[in-house]
Amino acid sequence: MSDPSDARLKIGVVAKQTGTAVGALRYYESLGLLRSERGSNGYRYYRPITVQQVQFIKKAQALGFSLEDIGEMLTIHQQGKLPCDLVRSRLKEKIEQLDRQIRDMVAFKAELEHYRDRWAAPEAGHPLEKNDICPLIETVSLLD
């Protein structure tokens, strides 16, 4: 009797079971996130555990982890360790990055509101110059 862990799945079966495009599975494999074996017919064959790995990849992506991050997690797991410390660390970094982006967006929104309010009056621009496209935008300073 054969061991079920020895079963091999074609790429189309993995795609269907995970709701992932065949092209995405090939891409994951090209990045080293998945492994397959080639049959004598040239087809890719995957172990059943691949379904769980693809689901992990999709869940990690849904949390905003990059494929590079996910590759590191899978490598740690393949070494017989749990990647939870790495996950916590990267999650903390993501939250800090989002906090910075939110601060930047709030400041940008305030700047836009300032221009909106300033430009609400008909005389808000400066005198039209010959090559001006929009006198309102011409008043904006390009200080970085």
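Numbers below:
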read-out	value
Of Lys92, Lys130, Lys81, the one that fluctuates the most in a GNM where the chain has Cα springs shorter than 10 Å	Lys130
The chain, dipole about Cα centre (Lys/Arg Cβ +1, Asp/Glu Cβ -1), debye to the nearest 20	1140 debye
GNM top mover of Phe108, Phe56, Phe65 - the chain, alpha-carbon springs below 10 Å	Phe108
Rounded tilt (10° steps) of 67-78 against the dominant C-alpha axis of the chain	30 degrees
Cα shape, segment 1-82, gyration tensor, a/c 1.5 rule	prolate
Fewest-first ranking of Thr75, Thr18, using other Cβ atoms within 10 Å as the exposure measure	Thr75, Thr18
Most mobile listed residue (Leu63, Leu74, Leu91) in the chain, GNM with C-alpha springs under 10 Å	Leu63
Count of Lys pairs (Cα-Cα under 26 Å; at least 8 positions apart or interchain) in the chain	14
Shape category assigned to the chain from the gyration tensor of Cα positions, a/c cut at 1.5	prolate
Folded to 0 to 90 degrees: helix 49-62 orientation relative to the chain principal axis, Cα	10 degrees
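Every number here is computed from the coordinates shown, using simple stated rules; none is lab data. Fair warning: this is a prediction, and the values are worked out from it, not measured in the lab. Neighbour counts are summed over all protein chains in view; Cβ atoms, including those assigned to glycine, are modelled from backbone coordinates with ideal geometry.
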